[in-house]
Amino acid sequence: MTPINKVLLSKNTNINPIWIMRQAGRYLPEFREIRKNNTNFIKLCLNVNLSSQISLQPLKRFNLDAAIIFSDILMLPYGLNQKVDFKKNFGPKLGELYLNQLEKVNEIDFVEKLQSVYSIVKKVSSNQILKNKNTIGFIGAPWTLLVYMINQQSPKQDLKKDFFKDTLLINKTLSIIEKFLKIHIKKQVDNGASVIQIFDSWAGLLKEKDLPKYIYAPTLNLVNYIKSLNVPVICFPREIKNYIEFCDIVKPDAINIDYNVNPKDILKDIKIPVQGGLDPKILLTDKENLKKEATKYLDIFKDHPYIFNLGHGVLPETDPEMVDYLVQIVKNY
């Protein structure tokens with residue numbers, strides 16, 4: 001059993017596996033070299049050779065316990081024929097959402113459009129470097145994808161003023177998202193993904209009263225579906241206020257916490273394995289501070305099943321040497 005599976009499935013507390021959100025990509029010089037000549041982000045995500053190479057780059061440098069596929073949560077709307085562009089210094093920009101077009105998409109066309117993603121999972125997971133390590137596949141949670149698809153861009157602090165106005169559009173789109181997420185998950189698992197992480201990047205935008213409809217119910221459906229495929233599932237409901245309620249209702253195999261959360265509160269209230277928490281900005285400081293902060297998490301969770309990770313993706317300006325040092329701290333703990 002891999003170190004990550006020992007934590008997720010056997011609730012082992014004697015080991016602390018480590019992987020890092022966004023470990024494949026922008027802070028690595030070898031990635032930037034590839035990116036220079038491949039300016040179209042979606043095309044790069046669909047380039048089987050390059051994307052596989054990028055997914056494995058961090059494992060060639062650091063003693064990590066998993067590869068995460070170099071892809072994006074917005075491959076789903078792309079597969080549903082919504083226009084998706086990534087603009088430099090702006091982020092994702094999506095085209096108009098037309099329900100009648102969305103309803104016409106069938107499974108065959110969707111899978112064909114994203115086939116390269118599944119080939120990348122297969123290529124990465126079969127690489128020798130991943131012996132006794134996990135290949136992590138992932139999806140965006142239904143709510144976060146709904147936000148991007150209707151808002152047409154990152155909401156940062158705010159949704160469109162009339163975001164909730166068209167309930168028919170919202171309900172139909174949510175059900176289409178859920179249907180195709182299951183297909184997207186199944187294809188990743190069939191091709192070698194041994195863990196699925198669900199990213200709910202915009203969970204923190206919702207009021208408490210809206211959580212059951214937009215977060216709990218749709219995410220629970222997906223968690224149950226992933227478990228039915230005999231693969232563990234980690235949820236990252238970023239900036240949600242009530243982690244206890246989320247875990248009680250959704251019941252993932254592990255919960256990824258963000259850096260605004262007090263880890264001691266989590267330890268007190270949460271029974272399932274925990275992942276993450278460290279503020280990515282700590283990697284921009286010095287080694288002494290990094291050791292102090294990383295050790296804090298390791299100490300707090302020393303008797304609780306814990307996978308070391310960050311409380312959000314690694315920042316582009318991070319020095320790879322600091323990542324290497326972090327991995328050593330965790331491994332030598």
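Assorted remarks:
- Contact map, segment 268-282: residues that are under 18 Å from V327 (Cα atoms) and touching a residue at least 60 places away in the same chain (Cβ under 8 Å) paired with residues that are crowded, with 23+ Cβ neighbours inside 10 Å and of a type in the set (G, A, S), Cβ distance under 8 Å, separation 6+ or inter-chain. Pairs shown: G276/G311.
- Residue count for segment 181-213, restricted to those that are farther than 22 Å from S55 by Cα, buried (at least 24 other Cβ atoms within 10 Å of the Cβ) and either touching a residue at least 60 places away in the same chain (Cβ under 8 Å) or among the basic types (K, R) (or both): 1
- Residue within segment 173-180 that is assigned to a helix (DSSP H, G or I) and touching a Cys at 6+ places or on another chain (Cβ under 7 Å) present: no
- Residue in segment 325-333 that is part of a loop (DSSP other than H, G, I, E, B), in contact with a Gly (Cβ under 6 Å, 6 or more places away or on another chain) and touching a residue at least 40 places away in the same chain (Cβ under 8 Å) present: no
- T318, sole failed condition from (1) among the hydroxyl-bearing types (S, T, Y); (2) surrounded by fewer than 19 Cβ atoms within 10 Å (Cβ to Cβ); (3) not in a helix (DSSP H, G or I): (2)
- Scanning segment 29-77 for residues being among the hydrophobic types (A, V, I, L, M, F, W, C) and touching a Ser or Thr at 6+ places or on another chain (Cβ under 9 Å) gives a total of 10.
- At least 2 residues being over 24 Å from K172 (Cβ atoms) is the threshold, and among the helices (runs of 4 or more DSSP H) wholly inside segment 23-112 those reaching it are 29-37, 41-45, 48-61.
- Residues (crowded, with 18+ Cβ neighbours inside 10 Å, touching a residue at least 40 places away in the same chain (Cβ under 8 Å) and within 22 Å of K93 (Cβ to Cβ)) located in segment 19-45: R22, G25, C45
- When each of K88, K131, K172 is tested for being loosely packed, with under 13 Cβ neighbours inside 10 Å, at pLDDT 95 or above and either under 17 Å from the mean Cα position of the chain (by Cα) or over 17 Å from F70 (Cα atoms) (or both), the lone residue that passes is K131.
- Residue check for P273: within 15 Å of the chain's Cα centre (by Cα) and within 21 Å of N221 (Cα to Cα): no
- Qualifying residue in segment 296-306 (condition: modelled with pLDDT of 95 or more, among the basic types (K, R) and not in a loop (DSSP other than H, G, I, E, B)): yes
- I234 vs. criteria in contact (Cβ under 8 Å) with a residue 40 or more places away in the chain, under 20 Å from I15 (Cα atoms) and of a type in the set (A, V, I, L, M, F, W, C): yes
- Of the residues K241, K182, K268, K227, the single one that is at pLDDT below 95 and either of a type in the set (D, E, K, R) or at positive phi (or both) is K241.
- Residues that are touching a Gly at 6+ places or on another chain (Cβ under 6 Å), without any contact (Cβ under 8 Å) to a residue 40 or more places away in the chain and either crowded, with 16+ Cβ neighbours inside 10 Å or not small (G, A, S) (or both) occur in segment 292-314; there is at least one.
- Residue list for segment 142-169, restricted to those being in a helix (DSSP H, G or I), surrounded by 13 or more Cβ atoms within 10 Å (Cβ to Cβ) and either free of Cβ contacts under 8 Å to residues at least 60 places away in the same chain or under 20 Å from the mean Cα position of the chain (by Cα) (or both): P142, W143, T144, L145, L146, V147, Y148, M149, I150, N151
- All positions within segment 215-230 that are of a type in the set (F, W, Y) and either surrounded by 23 or more Cβ atoms within 10 Å (Cβ to Cβ) or closer than 30 Å to N127 by Cα (or both): Y225
The values are calculated or read from the model by the stated rules, or taken from the named source; none is laboratory data. Since we're looking at a predicted model, the values are computed, not measured. Don't worry about glycine lacking a Cβ; one is built from the backbone with ideal geometry, like all the others, and counts go over all protein chains shown.
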